[in-house]
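Participant: Have a look at this one.
Derivation of every value follows stated rules applied to the coordinates shown; laboratory data play no part. It should be emphasised that the depicted structure is a prediction, and the values quoted were computed from it without experimental measurement. Note: ideal-geometry Cβ built from the backbone for every residue, glycine included; neighbour counts use all protein chains shown.
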Amino acid sequence: MMPPGAAEQMKNMSAEDMKRAAEEMKNLSPEQLKAQYEQAQSHAKATANYKYSASEQLKKDGNALVGAQKYTDAIEKYMRVKNNLAEDDSRDAKTLRVSCMLNMALCFNKTKRHNSAISECSEVLTLEPRSLKAYFRRGQAYVAKGELESGVKDLKRAAKLSPSDEIVAGELKAAIEDMKS
């Protein structure tokens, strides 16, 4: 098994670099190979931890920007989190990535970039098929675009996931009324 990030590093190596690395590896004992592998794993883990910590801070920064209604700047922070953690398959990284994608969808809706909101929410739903916020925000985006049938469908799914949520119920009711008129 290859350490996380090793494949990415190998992509950036030239043919000459690969040849040189293979030659160097021939001269290593099994113990030295094991030590090199463990060092590479340790480095990859430290890099992943660094990216995760930086991503947590980026999310906090993005949240503060949302609070200040600077949605475009917040999108940039959340997008960096999404990109930073794209290769990290850990549960925590997935949770943080999904949270930022949902926050991006909110910002896209606030800046009337509804197609981007729909795209982010659809991607979240491939990762978490029962995401209340993804259905809710995608439903809002569809309604804002005038695609009321799709919007109502998503808002109904959100209402089914959280029947007591008054905000979801209010959005659904308004969308249904828009459809009738």
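Participant: Would you kindly calculate the translational diffusion coefficient of the chain, applying Stokes-Einstein with the Kirkwood radius from alpha carbon pairs, for 10 °C and a viscosity of 1.306 mPa s, and quote it in µm² s⁻¹ without decimals?
Facilitator: This corresponds to a translational diffusion coefficient of 84 µm²/s.
Participant: Among the listed pairs Lys59/Lys145; Lys145/Lys180; Lys153/Lys173; Lys110/Lys133, which are separated by more than 22 Å between their Cα atoms?
Facilitator: Lys59/Lys145
Participant: For the chain, what does the helix formula give at 222 nm: sum of -39500 (n - 2.57) over DSSP H segments with n ≥ 4, over the residue count, nearest 500 deg cm²/dmol?
Facilitator: My calculation for the chain gives -27000 deg cm²/dmol from helical runs alone.
Participant: Could you calculate the contour length gain from Ile167 to Lys112, that is, 0.36 nm times the residue separation minus the distance between their Cα atoms, to one decimal place in nm? Let's see the in-between values first.
Facilitator: Details: separation 55, 0.36 × 55 = 19.80 nm, distance 1.99 nm.
Result for the pair: 17.8 nm of gain on full extension.
Participant: What does the charge count around Lys59 come to, taking other residues whose C-beta lies under 11 Å from its C-beta (Lys +1, Arg +1, Asp -1, Glu -1)? Provide the component values of the computation, followed by the final result.
Facilitator: Values: positive: Lys60, Lys77, Arg80, Lys82, Arg97; negative: Glu56, Asp61.
So the environment of Lys59 carries a net charge of +3.
Participant: Please compute the length gained on full extension between Gln41 and Lys145, using 0.36 nm multiplied by the number of residues separating them and subtracting their Cα-Cα distance. All intermediate terms of the calculation are to be shown ahead of the outcome.
Facilitator: On the way: separation 104, 0.36 × 104 = 37.44 nm, distance 4.76 nm.
In short, 32.7 nm is gained.
Participant: Compute the signed sum of charges (Lys and Arg +1, Asp and Glu -1) over the other residues within less than 14 Å, Cβ to Cβ, of Leu155. Walk me through the intermediate numbers first.
Facilitator: Working: positive: Lys133, Arg137, Arg138, Lys145, Lys153, Lys156, Arg157, Lys160, Lys173; negative: Glu147, Glu149, Asp154, Asp165, Glu166, Glu171, Glu177, Asp178.
Once positives and negatives cancel, what remains is +1.
Participant: Here's another thing I want to ask about it. Which distance in nm do the two modelled labels at Lys156 and Ala22 give, with both placed 7 Å along the Cα-to-Cβ direction?
Facilitator: 6.0
Participant: Follow-up. Can you pick out the pairs among Lys51/Lys112; Lys11/Lys82; Lys94/Lys160; Lys45/Lys160 whose Cα atoms lie more than 32 Å from each other?
Facilitator: With Cα atoms farther than 32 Å apart: Lys45/Lys160.
Participant: Hey, rough spin-label estimate for Lys94 and Ala68, points 7 angstrom out along Cα→Cβ, what's it come to in nanometres?
Facilitator: The modelled label-to-label distance comes out at 3.4 nm.
Participant: Would you please give the FRET efficiency between Leu125 and Met179, computed as 1/(1 + (r/R0)^6) with r the Cβ-Cβ distance and R0 = 22 Å, to the nearest 0.05? Could the numbers behind the result be given before it?
Facilitator: Values: r = 22 Å, r/R0 = 1.01.
Once rounded, the FRET efficiency stands at 0.50.
Participant: Can I ask one more? Could you compute the net charge surrounding Arg91? Neighbours are other residues with a C-beta less than 15 Å from the C-beta of Arg91; K and R count +1, D and E count -1.
Facilitator: Counting the neighbours of Arg91, the net charge comes to -4.
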